[in-house]
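**Student:** Structure provided below as structure tokens; questions to follow.
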Amino acid sequence: MSRAEDLVSLVQFCDSHGIEISLLHRLHDSGLVEVIRDGDTLFVRVETVPRLEKIVRLHIDLDINLEGIEAISHLLDRIELLQLENVALRNRLRLFE
């Protein structure tokens with residue numbers, strides 16, 4: 001189990017962002033958000049909060065449905081991996097310059 005300071009309760013997150021907890025349950029069911037259960041309380045890891053906030057903004061502000069969020073999330077993850085690969089390749093290339 002993670003330390004308490006590494007976790008944010010779903011209720012606290014929902015209250016601070018003005019959203020229904022059912023949205024986070026749907027995000028969890030679709031695999032977009034990892035939820036941690038401790039007794040009757042559900043949590044997310046602190047390091048996932050920025051990603052979760054981005055997902056909530058896509059859904060609320062841009063009215064993007066869950067399927068669209070899944071596609072966007074997959075593409076953003078792929079872009080991040082490609083950027084990391086690009087940096088690694090540039091670093092290797094510098095060795096040969």
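Values quoted throughout were computed directly from the atomic coordinates according to the rules given, and no laboratory measurement underlies them. All values derive from a computational prediction rather than experimental measurement. Note: ideal-geometry Cβ built from the backbone for every residue, glycine included; neighbour counts use all protein chains shown.
**Student:** May I ask you to list the residues in the stretch 18-30 that are touching a residue at least 12 places away in the same chain (Cβ under 8 Å) and either in a loop (DSSP other than H, G, I, E, B) or buried (at least 16 other Cβ atoms within 10 Å of the Cβ) (or both)?
**Tutor:** 19, 23, 24, 27, 30
**Student:** Return the residues of the stretch 7-36 that are of a type outside the set (Asp, Glu) and under 16 Å from residue 73 (Cα atoms); say none if nothing qualifies. Explain how you work it out, then say what you get.
**Tutor:** Taking the stretch 7-36 as the starting set, the residues that turn out to be of a type outside the set (Asp, Glu) are 7-14, 16-19, 21-28, 30-33, 35-36.
Residues satisfying the conditions are 23, 24, 26, 27, 28, 30, 31, 32, 33.
**Student:** Has the stretch 63-73 got at least one residue that is closer than 12 Å to residue 13 by Cβ and either surrounded by 12 or more Cβ atoms within 10 Å (Cβ to Cβ) or in contact (Cβ under 8 Å) with a residue 60 or more places away in the chain (or both)?
**Tutor:** Restricting attention to the stretch 63-73, the residues satisfying the condition of being closer than 12 Å to residue 13 by Cβ are none.
No: zero hits.
**Student:** Looking only at residues in the stretch 37-64 that are in a helix (DSSP H, G or I) and among the charged types (D, E, K, R), which one is farthest from residue 77 (Cα to Cα)?
**Tutor:** 57
**Student:** Does residue 53 qualify as being within 10 Å of the chain's Cα centre (by Cα) and exposed (fewer than 14 other Cβ atoms within 10 Å of the Cβ)?
**Tutor:** The answer is yes for residue 53.
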